[in-house]
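Right, one structure below, let's go through it.
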Amino acid sequence: MKLNSTSLLDENDKANIAIYFGIVTIAGEIVGVTMDSTLSTLLRSGKLCFKCCQTKRSDPIICALGMFIAAPFLFGGLKLMKVSVEASYIFLFVAIMRYY
């Protein structure tokens, strides 16, 4: 839309953007926390595919891996804003999911 400021947007558009971003953020956090706690528990106990790499340090390992995965998705999500807002929301969802 070639806008230089959010003050140029319609109030309804601003409200919709805030609602959509809030939904993406909340969904990403819920999925991310659930997935990370499950992976951490599996890694700590050595169950399923983690039999060969059981460790007591599962929490920091899962957190670090999540941060490494989240960084490129966050960068891509911010860069995609100009091209496709929907694709940007998907990238930001993955970044938020992996961050938490």
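The values are calculated or read from the model by the stated rules, or taken from the named source; none is laboratory data. Computed from a prediction, not measured in an experiment: that's the story for all the values here. Cβ: placed from backbone, ideal geometry, glycine included. Neighbour counts: every protein chain shown.
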- prompt: Just for the range 80-100: of the residues that are of a type in the set (Gly, Ala, Ser) and in a helix (DSSP H, G or I), which one is surrounded by the most Cβ atoms within 10 Å (Cβ to Cβ)?
  reply: Ala95
query: So which of Gly46, Gly77, Gly66 ends up being surrounded by 12 or more Cβ atoms within 10 Å (Cβ to Cβ), free of Cβ contacts under 8 Å to residues at least 40 places away in the same chain and on the phi > 0 side of the Ramachandran plot?
result: Gly46
Residues of the range 49-63 satisfying the condition of being assigned to a helix (DSSP H, G or I), of a type outside the set (Val, Ile, Thr) and surrounded by 11 or more Cβ atoms within 10 Å (Cβ to Cβ): Phe50, Ser58, Asp59, Cys63
message: Restricting to the range 1-22, name every residue that is at pLDDT below 85, of a type outside the set (A, V, I, L, M, F, W, C) and in a helix (DSSP H, G or I).
response: Thr6, Ser7, Glu11, Asn12, Asp13, Lys14, Asn16
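Just to be sure before I move on: is Phe50 more than 25 Å from Asp13 (Cβ to Cβ) and touching a Leu at 6+ places or on another chain (Cβ under 6 Å) in the structure I sent?
For Phe50, the condition - more than 25 Å from Asp13 (Cβ to Cβ) and touching a Leu at 6+ places or on another chain (Cβ under 6 Å) - is met.
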- prompt: Just checking, which of Thr38, Thr34, Thr25 is in a helix (DSSP H, G or I), hydroxyl-bearing (Ser, Thr, Tyr) and either closer than 17 Å to Val85 by Cα or touching a Gly at 6+ places or on another chain (Cβ under 8 Å) (or both)?
  reply: Thr25
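Do you know which residues across the range 30-63 are in contact with a Ser or Thr (Cβ under 6 Å, 6 or more places away or on another chain) and of a type in the set (Lys, Arg)?
Within the range 30-63, Arg44 is the sole residue that qualifies.
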